[in-house]
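J.: Okay, here's the structure, questions in a sec.
Quick note: the coordinates plus some simple rules give every number you see, no bench work behind them. None of these values were measured; they are calculated from a predicted model. Counting neighbours? That spans all protein chains shown, and the Cβs are built from the backbone with ideal geometry, glycine included.
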Amino acid sequence: MHFKIMRYSSRVVFVGLAALLILHCKADSQPQPLTPPPTATYPSPPDTQIRNIILFIGDGMGISHITAGRLKSLGANGRLHIDRMPVTGLLINHAADNLITDSAAGATALASGFKTNNAMISLLPDNTRAVTILEALREKGFAAGLVATSSITHATPACFAAHVPARKMEPEIAAQLVESGVEVMLGGGRAFFIPEEDSASKRSDDLNLIERARQNGYRVVQNREELQKISEGRVLGLFNDDEMRNEPHEPTLAEMAAKAIELLRGNANGFFLMVEGSQIDWGAHDNLLDYVVREMLAFDEAVKVGLEFAREDRRTLVLVTADHETGGLAINDGSLDGKELEAGWTSGHHTGQPVPIFGYGPHSLRFTGVHDNTRVPIILAELFGVEPFPRIRRE
Ligand SMILES: [Zn+2]
């Protein structure tokens with residue numbers, strides 16, 4: 001019996017060695033790939049002085065939302081563009097008044113470096129105005145852009161360039177945005193810019209903010225074709241009455257990000273661009289995995305555009321993060337190719353999990369580790385020599 005096993009195992013060893021030898025010869029004769037495999041981590045450029053910052057925010061995007069996007073599109077061994085960013089960290093994200101943040105308090109922290117109460121847009125709990133990193137950089141001569149697939153007056157984009165006590169004040173946010181000077185604003189929300197006499201309006205006054213935007217030097221566009229024709233200057237793109245709906249006339253998130261970069265990159269002092277995948281959150285509120293995956297992949301395509309620009313530019317910092325996790329999503333079971341996926345949800349609301357932050361570009365290592373979400377604009381302010389920051393403005 002013992003002898004038999006010995007004979008059997010020596011035969012296995014011999015066959016194994018022969019196979020290894022053949023494999024080795026075969027591998028040697030293969031040419032080395034010229035480009036890294038599509039799962040490799042992108043090598044970051046060296047830490048020179050940063051010129052531009054592109055901040056991607058996946059609203060409601062937790063680790064499992066990214067995992068679902070990866071599995072459904074590429075399987076367990078694939079990697080999204082987000083996955084290939086070289087620096088990772090975690091952000092703690094509670095609000096000033098609540099363990100579970102909403103997008104308003106979350107984006108206020110990411111924009112201004114201050115904690116505030118849920119629903120407040122870049123105001124402190126006592127209604128003091130918080131200066132945002134976008135505003136501080138514009139004062140230093142940077143150009144700025146905001147891109148979202150919600151209305152452009154929705155909580156996340158609003159927190160970078162508007163200040164109101166309640167996120168639902170979208171008509172007032174629209175009025176502030178057209179006076180903000182932000183060079184590129186692309187998203188939905190036309191209804192908040194048109195006077196109440198228009199049946200599609202969500203205003204209760206006769207202000208025509210599209211006219212006002214034109215007076216302030218903006219070209220106003222409402223579909224992909226009109227957007228593609230713009231090659232310089234200020235642009236306000238309002239592609240649907242409220243949120244964007246993946247309709248044929250609309251540009252994709254990646255197309256909006258690409259156009260924003262094209263319009264902002266010529267500014268001599270650099271630019272700040274925020275791009276939001278707004279509806280990852282909405283799919284998660286409804287516990288709809290397919291909706292989450294679709295929005296996740298559209299977001300990843302936009303991140304790819306940012307990374308491609310940064311790889312060529314070498315002086316652009318790209319950050320990808322979220323304001324909070326939505327749905328308490330977990331991957332409970334499924335197949336390695338991702339065709340089958342069993343999702344579990346603990347909630348139809350936001351949760352208190354930390355969210356990931358990914359970095360690529362000069363000084364991206366500053367974002368590794370576990371940070372409070374307020375640290376993001378504070379670190380950016382340090383990198384760009386903005387001081388003091390955070391700061392308030394009394395008016
Ligand atoms: Zn939400």
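J.: Could you please rank Asp290, Asp323, Asp300, placing first whichever residue has the fewest other Cβ atoms within 10 Å of its Cβ?
T.: In order of increasing Cβ crowding within 10 Å: Asp290, Asp300, Asp323.
J.: Now for a different question. Between beta-carbons, use under 10 Å as the cut-off and find the net charge around Gly89, counting Lys and Arg +1, Asp and Glu -1.
T.: That sum, taken over residues with Cβ under 10 Å, equals +2.
J.: How much length is gained on full extension from Asn269 to Thr346, taking 0.36 nm per residue of separation minus their Cα-Cα distance? Intermediate results must be reported in sequence, preceding the final value.
T.: Values: separation 77, 0.36 × 77 = 27.72 nm, distance 4.57 nm.
So the extension gain works out to 23.2 nm.
J.: Under a 10 Å cutoff between Cα atoms, tell me which one of Ala302, Ala143, Ala96 has the largest fluctuation in the Gaussian network model of the chain.
T.: Ala96
J.: Structure shown: which of Lys168/Lys259; Lys140/Lys259; Lys72/Lys229; Lys115/Lys168; Lys140/Lys304; Lys229/Lys304 lie over 30 Å apart, alpha-carbon to alpha-carbon?
T.: Over 30 Å Cα-Cα: Lys72/Lys229.
J.: Could you line up Lys229, Lys72, Lys259 from fewest to most neighbouring Cβ atoms inside 10 Å?
T.: Lys229, Lys72, Lys259
J.: Right, here's the next one. Starting from the Cα-Cα distance between Glu196 and Arg212, subtract it from 0.36 nm times their residue separation and give me the gain in nm to one decimal.
T.: Computed gain between Glu196 and Arg212 is 4.3 nm.
J.: Taking the 0 to 90 degree range and rounding to the nearest ten, how far is the long axis of helix 375-384 tilted relative to the main principal axis of the chain, both from C-alpha atoms?
T.: Orientation of helix 375-384: about 80 degrees from the principal axis.
J.: Within 11 Å, Cβ to Cβ, of Ala257, how many net charges do the neighbouring residues add up to if Lys/Arg are +1 and Asp/Glu are -1?
T.: Combined, the nearby Lys, Arg, Asp and Glu give -3.
J.: Please determine, in degrees from 0 to 90 and to the nearest 10, the orientation of helix 103-112 with respect to the longest principal axis defined by the Cα atoms of the chain, where the helix direction is its Cα long axis.
T.: 90 degrees
J.: While we're here: Taking other Cβ within 10 Å of each residue's Cβ, how do Glu340, Glu135 sort, fewest first?
T.: Lowest to highest Cβ neighbour count: Glu340, Glu135.
J.: With all distinct Cα pairs included, what does the Kirkwood hydrodynamic radius of the chain come out to in Å, to one decimal, could you say?
T.: 22.1 Å
J.: Nearest 20 debye, what's the magnitude of the dipole of the chain about its Cα centre given +1 on Lys and Arg Cβ and -1 on Asp and Glu Cβ?
T.: Working: 38 positive and 49 negative charges, 355 e Å.
The calculated dipole for the chain is roughly 1700 debye.
J.: How far is the Cα center of the range 38-68 from the Cα center of the range 216-283, in Å?
T.: Centre-to-centre distance over Cα atoms comes out at 20 Å.
J.: Projected onto the charge dipole of the chain (+1 at Lys/Arg Cβ, -1 at Asp/Glu Cβ, origin at the Cα centre), which of Val318, Pro195, Asn127 gives the Cα projection farthest towards the positive end?
T.: Result: Val318.
J.: Using +1 on the beta carbon of Lys and Arg, -1 on that of Asp and Glu, and nothing else charged, what's the dipole of the range 163-269 about the Cα centre, debye to 20?
T.: Charge dipole of the range 163-269: 360 debye, to the nearest 20.
J.: Now a separate question. Which of Asn287, Leu137, Ala161 sits farthest toward the positive end of the charge dipole of the chain, with +1 on the Cβ of Lys and Arg and -1 on the Cβ of Asp and Glu?
T.: Leu137
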